[in-house]
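A.B. asks: Dumping the structure here so I can ask a few things about it.
Since every read-out is calculated from the coordinates, none of them should be taken as a lab result. Please read all numbers here as calculations on a predicted model, not as lab measurements. Ideal geometry is used to build each Cβ from the backbone, glycine not excepted, and the neighbour counts take in all protein chains shown.
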Amino acid sequence: MTQLGLLRTRRFSALFTTQFLGAFNDNVYKNALIIFITFEAARDAAARAMLVTLSAGVFILPFMLFSAWAGQIADKLEKAALIRAVKLAEIAIMLMAAIAFALGSLNMLIALLFLMGTQSAFFGPIKYGILPQLLDDTELVAGNGLIQMATFAAILIGMILGGKLAAIPASGPLVVGGAVIALALLGWLASLGVPRVSAAEPALRVDRGPWSSMFTGMAYARETPGVLAAVLGVSWFWFLGATFIQLLPAYGRDTLNGDPNVIIMLLTCFTIGIGVGALLCAWLSGKKINLHLVSAGAIGMTVFGLGPLFFLGAPQETGAALQGITEVLAHPGNQAVIVSFIGLAVSGGVFIVPLYTYVQVNSALPRRSRVIAANNIINSLFMVVSALLTLGALGVGMSIPQIFAAVAVLNLIYTLIVARALTRFESRQPRDEGLLRK
């Protein structure tokens with residue numbers, strides 16, 4: 001079935017819409033907060049970068065704390081009902097967020113990022129765990145490509161809308177608050193259409209606390225050759241992506257001397273690129289997993305990740321007025337930077353889809369959600385490390401282009417090791433012929 005045909009099926013379209021609206025809503029909120037921090041809450045360049053990085057860390061902390069517990073619950077209970085419960089929780093969180101925006105409370109807004117992260121930590125194992133139960137073997141690569149594309153399209157649209165709404169004079173915070181409530185309600189309505197599936201392991205005993213099973217999922221990932229290597233590859237993608245995304249606002253403001261529209265443009269290029277890369281990977285793969293695309297994506301991420309260091313843009317005078325998109329793009333060096341960000345993102349999309357698909361289909365059905373939860377824990381750990389290393393690098397005086405270049409070099413070393421490990425286990429046969437296992 002084609003990707004367009006898959007979108008027409010109820011078994012996939014309801015999940016697709018639900019996760020799209022959830023990612024969209026998260027990013028309306030987060031980017032409205034980033035714009036508030038960048039242009040209102042902090043006047044110092046270092047303070048802006050550190051506050052945005054801190055906010056990113058607050059959002060991903062719940063993934064470390066609660067993902068293992070979420071994976072157990074997702075394996076034990078029926079996933080469609082769980083999705084609807086998570087979406088109801090999102091409505092409650094966004095009601096509190098609207099109050100925080102109305103009050104203009106930075107502390108409350110950052111604290112609510114923790115609750116948003118908690119809701120997302122519970123949704124992740126359900127979303128990726130249910131996907132192989134809703135799709136046929138030959139549809140799974142295309143389904144994953146569409147999910148990745150939709151996620152980053154939602155990030156893009158959410159960032160643009162969040163930034164635009166936050167910039168509305170006087171009434172911006174109130175409009176943002178109303179928008180996040182409306183999107184949460186729409187997400188819950190979409191979740192009502194997700195088909196019911198059988199519980200993976202109804203007899204599973206869920207731990208009373210969220211942390212005691214933290215390492216169990218990793219043990220399950222090691223059961224199948226290649227799954228742990230794929231998990232580590234996925235986590236590196238989030239390390240690299242977190243580093244770039246959390247620094248793009250400060251890069252646009254302080255290196256390119258751009259106004260909020262320039263920051264939105266940079267984030268747009270990055271997120272569109274990942275979505276395009278995910279669809280490109282699905283097209284190149286056809287109906288099979290092609291792990292050689294992981295190496296191709298890794299090389300592209302390194303080559304393009306070095307771009308911001310070599311194309312530093314036009315030198316800016318101290319105290320110069322912020323520039324719009326037209327003024328920033330008038331300099332050839334800045335144009336090369338934009339191309340670098342797009343190339344990096346497309347390479348990332350090509351890199352990530354085969355890895356996600358490999359983890360899903362080679363994890364045993366009764367334990368699949370716990371493996372995915374373990375992957376989320378490692379993802380969050382890598383993103384926390386990214387935030388800490390970024391703060392440390394900024395603290396010792398490294399420039400943002402230098403940080404980008406350092407991560408690009410590390411990327412080539414790390415991901416090619418992972419890709420080499422994966423190719424030992426590669427088979428291009430669908431699940432019923434041996435590669436994709438339940």
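A.B. asks: How would you rank 286-296, 138-148, highest first, on the average number of other Cβ atoms within 10 Å across their residues?
C.D. replies: 138-148, 286-296
A.B. asks: Now for a different question. Using only alpha carbon pairs under 8 Å that are at least six residues apart, calculate the relative contact order of the chain and give it in whole percent.
C.D. replies: 27 percent
A.B. asks: Can you compute the modelled spin-label distance between Q402 and L416, with each label point 7 Å from Cα toward Cβ, in nm?
C.D. replies: Between Q402 and L416, the label points sit 2.5 nm apart.
A.B. asks: Compute the helix-to-body angle for 10-36: its Cα long axis versus the longest principal axis of the chain, expressed 0 to 90° and rounded to tens.
C.D. replies: 30 degrees
A.B. asks: Follow-up. Might you report the magnitude of the Cβ-based charge dipole of the chain about its Cα centre, with Lys and Arg at +1 and Asp and Glu at -1, to the nearest 20 debye?
C.D. replies: 1160 debye
A.B. asks: Would you please give the FRET efficiency between A203 and T326, computed as 1/(1 + (r/R0)^6) with r the Cβ-Cβ distance and R0 = 41 Å, to the nearest 0.05? All intermediate terms of the calculation are to be shown ahead of the outcome.
C.D. replies: Details: r = 63 Å, r/R0 = 1.53.
Using R0 = 41 Å, I get an efficiency of 0.05.
A.B. asks: Now, a different point. Mind pulling the angle between the C-alpha long axis of helix 140-166 and the longest principal axis of the chain? Nearest 10 degrees, somewhere in 0 to 90.
C.D. replies: Rounded to the nearest ten degrees, it is 30.
A.B. asks: Same structure again: Starting with the fewest neighbours, write out R253, R370, R11 ranked by other beta-carbon atoms found within 10 Å of each beta-carbon.
C.D. replies: On the way: R253 20, R370 33, R11 17.
Ordered by Cβ neighbours within 10 Å, fewest first: R11, R253, R370.
A.B. asks: Moving on. For Cα extents along the principal axes in Å, which listed value, [x] 69, 56, 46; [y] 109, 53, 39; [z] 63, 46, 41, comes from the coordinates shown?
C.D. replies: [z]
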